[in-house]
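The values are calculated or read from the model by the stated rules, or taken from the named source; none is laboratory data. Bear in mind that the values here come from a model prediction, so they are computed numbers and not experimental data. Here the Cβ positions follow ideal geometry from the backbone for every residue, glycine too, while neighbour counts run over all protein chains shown.
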Amino acid sequence: MNIETLASRRSAILNTMEMGSIAVVLSGNLVPRTADQFHEFAIWRNFFYLTNIDRYNMALVLVKSDVGSRAYLFIDEVTELEEKWEGFRMKKPEASALTGIKEADIFSMKDLTKTLGGWIVNENIEHAYFDLERITYNHPDSEQVLFSKELVSKYPYLKINNLFRTLANLRQIKSTEEVAHMRRAIAHTRTGIEAMMKASKPGMFEYEIEAYYDFEAKRAGVHEKGFGTIAASGFNATVLHYRDNNTQTKDGDLILFDLGCAWNHYSADITRTFPVNGKFTTRQKEVYEAVLDVEKTVIESIKSGVKMSELNKIARDMLTVKCRELGLIGDNDEDVLKYYYHSIGHPLGLDVHDVGGREFVLEAGMIITIEPGLYIAEESIGIRIEDDILVTEDGYENLSADIIKEVADIEGFMK
């Protein structure tokens, strides 16, 4: 991301802050896995959004007071011996080049609390802003939440404010650069899907087919997946978040892949369902065409000003009719919930289930997924088709339109 964009994002945050306030956004830290190993590090997305830095143990601090509005960066600094063991750390010149923050305004992370204390006391700071995102009531406290509690314990008069909603509002509208990253993530996902379709044959385990996607992603320089791949054949595809990926496929099975490469942390989210042997049965084709028809109709309904709830209603109403035509339900419309039990899509970006929630009005620059499905457990048929859609000023652009999904195209390609 260019430094002008980063500066404008930080300025937008400062403009919403009270006079006499600080905002602290942490990058996150390593989480122990075993006695001498750590889990793979995942950058705190809002820190990355404001700095373009993908490193642990760092902090961005914004200050707004009578002295002025400004941004500071605190970076992890270690000894030469530590670098010999764990690799080089980012130095001030590199951090400045990535963020646009002057080297004079970049300090050691070891001095964070002491420096914050000086600003709070000397500049009459009364408000502190933190990224206090919480997914559920019982979700463990994030590092951001824990640090906010620590700061208030030292300065009880501070009024804590939640920065998350402001950041979420900014992140919903994607810049040209962000869209470009997502296009690239989608392009690499397509290559992986095509490799799996070429290699697929009955008797392979789900993970064997998945391995072709993994190989193509690695070969293309993809260092991160947006989420764990779902590779679900037969009955497994009727379980939405099936993750074992260890069942041996059979002749006549469909296999559902829900997956997505990430590029510069921006994620694709694609689902494709295809026959392991390359040929749909009559019944599979019938159900598949029903789901595909719904997906196309919902996508055609996308434009700025439409509520996400409206797209959900279109999908559910259509799938209800389709289920009746397929002989799955009778006159009770509520019975569709036996075969379709999720919403039509979600925002997509730095997180696969990106900021924005479920109920919102579409605006130009948003990227959402559209993913209708039917899951017929008694027939071991699970079908979902998902594309990534950019909302434009006059409608939409299907960013994943090049990933084949028509029955004839799938069968022709696999043949």
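Quick one: is Gly373 in the same structural domain as Ala187 (by TED's automatic domain parsing) and buried (at least 20 other Cβ atoms within 10 Å of the Cβ)?
Values: in the same structural domain as Ala187 (by TED's automatic domain parsing): yes; buried (at least 20 other Cβ atoms within 10 Å of the Cβ): yes.
Taking the combined requirement at face value, the residue satisfies it.
Name the residues in the stretch 175-224 that are among the hydroxyl-bearing types (Ser, Thr, Tyr) and more than 14 Å from Ala262 (Cα to Cα), would you?
The answer is Ser175, Thr176, Ser200, Tyr207, Tyr212.
Given (1) within 21 Å of Thr189 (Cα to Cα); (2) under 24 Å from the mean Cα position of the chain (by Cα), identify the lone condition not met by Gly395.
Against the list (1) within 21 Å of Thr189 (Cα to Cα); (2) under 24 Å from the mean Cα position of the chain (by Cα), Gly395 comes up short only on (1).
Just to confirm my filter: which strands (runs of 3 or more DSSP E) fall fully inside the stretch 199-305 and include at least 3 residues that are farther than 30 Å from Thr51 by Cβ, at pLDDT 95 or above and in the same structural domain as Lys405 (by TED's automatic domain parsing)?
Values: elements: 230-233, 254-259, 261-263, 270-275.
It comes to 230-233, 254-259, 270-275.
Among (1) over 22 Å from Phe41 (Cβ atoms); (2) surrounded by 24 or more Cβ atoms within 10 Å (Cβ to Cβ); (3) not acidic (Asp, Glu), where does Tyr266 come up short?
The single condition Tyr266 does not satisfy is (1).
With the stretch 1-115 as the region, which helices (runs of 4 or more DSSP H) entirely inside it contain at least 1 residues that are of a type in the set (A, V, I, L, M) and in contact with a strand residue (DSSP E or B) (Cβ under 8 Å, 6 or more places away or on another chain)?
Answer list for the stretch 1-115: 3-16, 45-51, 92-99.
Can you tell me which condition Ile186 does not meet? The list is (1) out of contact with any Ser or Thr (no Cβ under 7 Å at 6 or more places or on another chain); (2) in contact (Cβ under 8 Å) with a residue 60 or more places away in the chain; (3) aliphatic (A, V, I, L, M), and all the others hold.
Going through (1) out of contact with any Ser or Thr (no Cβ under 7 Å at 6 or more places or on another chain); (2) in contact (Cβ under 8 Å) with a residue 60 or more places away in the chain; (3) aliphatic (A, V, I, L, M) one by one, Ile186 breaks only (1).
Kindly establish whether Arg171 is closer than 17 Å to Leu350 by Cβ and free of Cβ contacts under 8 Å to residues at least 60 places away in the same chain.
It is false that Arg171 is closer than 17 Å to Leu350 by Cβ and free of Cβ contacts under 8 Å to residues at least 60 places away in the same chain.
Listed here are the residues, each with its yes/no results for (1) small (Gly, Ala, Ser); (2) on the phi < 0 side of the Ramachandran plot.
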residue	(1), (2)
Thr5	no, yes
Ala12	yes, yes
Ile43	no, yes
Asn57	no, no
Leu62	no, yes
Glu83	no, yes
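For residues in the stretch 226-238 being touching a residue at least 60 places away in the same chain (Cβ under 8 Å) and surrounded by fewer than 21 Cβ atoms within 10 Å (Cβ to Cβ), which is nearest to Ala187 (Cα to Cα)?
Initially, the stretch 226-238 is screened for residues touching a residue at least 60 places away in the same chain (Cβ under 8 Å), giving 226-227, 232, 234-238.
Going one step further and asking which of them are surrounded by fewer than 21 Cβ atoms within 10 Å (Cβ to Cβ), we end up with 227, 235.
On the way: Phe227: 16, Phe235: 29 Å.
Among them, the one singled out is Phe227.
Let me confirm something: among Ile22, Ile53, Ile13, Ile43, which residue is among the β-branched types (Val, Ile, Thr), under 23 Å from Leu170 (Cα atoms) and at pLDDT below 95?
Step by step, each of Ile22, Ile53, Ile13, Ile43 is checked, and only Ile43 is among the β-branched types (Val, Ile, Thr), under 23 Å from Leu170 (Cα atoms) and at pLDDT below 95.
Here are some residues: Leu112, Leu116, Leu62, Leu81. Which one is under 26 Å from the mean Cα position of the chain (by Cα) and not polar (S, T, N, Q)?
Values: Leu112 fails: under 26 Å from the mean Cα position of the chain (by Cα); Leu116 fails: under 26 Å from the mean Cα position of the chain (by Cα); Leu81 fails: under 26 Å from the mean Cα position of the chain (by Cα).
Exactly one of Leu112, Leu116, Leu62, Leu81 is under 26 Å from the mean Cα position of the chain (by Cα) and not polar (S, T, N, Q), namely Leu62.
Residue by residue through the stretch 116-169, note down the ones that are part of a strand (DSSP E or B) and either among the small types (Gly, Ala, Ser) or not assigned by TED's automatic domain parsing to the domain that holds Ala71 (or both).
Selection gives Ala128 alone.
Just one of Gly345, Gly330 is touching a strand residue (DSSP E or B) at 6+ places or on another chain (Cβ under 6 Å) and either closer than 30 Å to Glu133 by Cα or modelled with pLDDT of 95 or more (or both); which is it? Spell out how you get there, then give the answer.
Values: Gly330 fails: touching a strand residue (DSSP E or B) at 6+ places or on another chain (Cβ under 6 Å).
The conditions single out Gly345.
Considering the stretch 16-36 alone, what residues qualify as being surrounded by 12 or more Cβ atoms within 10 Å (Cβ to Cβ) and polar (S, T, N, Q)?
Thr16, Ser21, Ser27, Asn29
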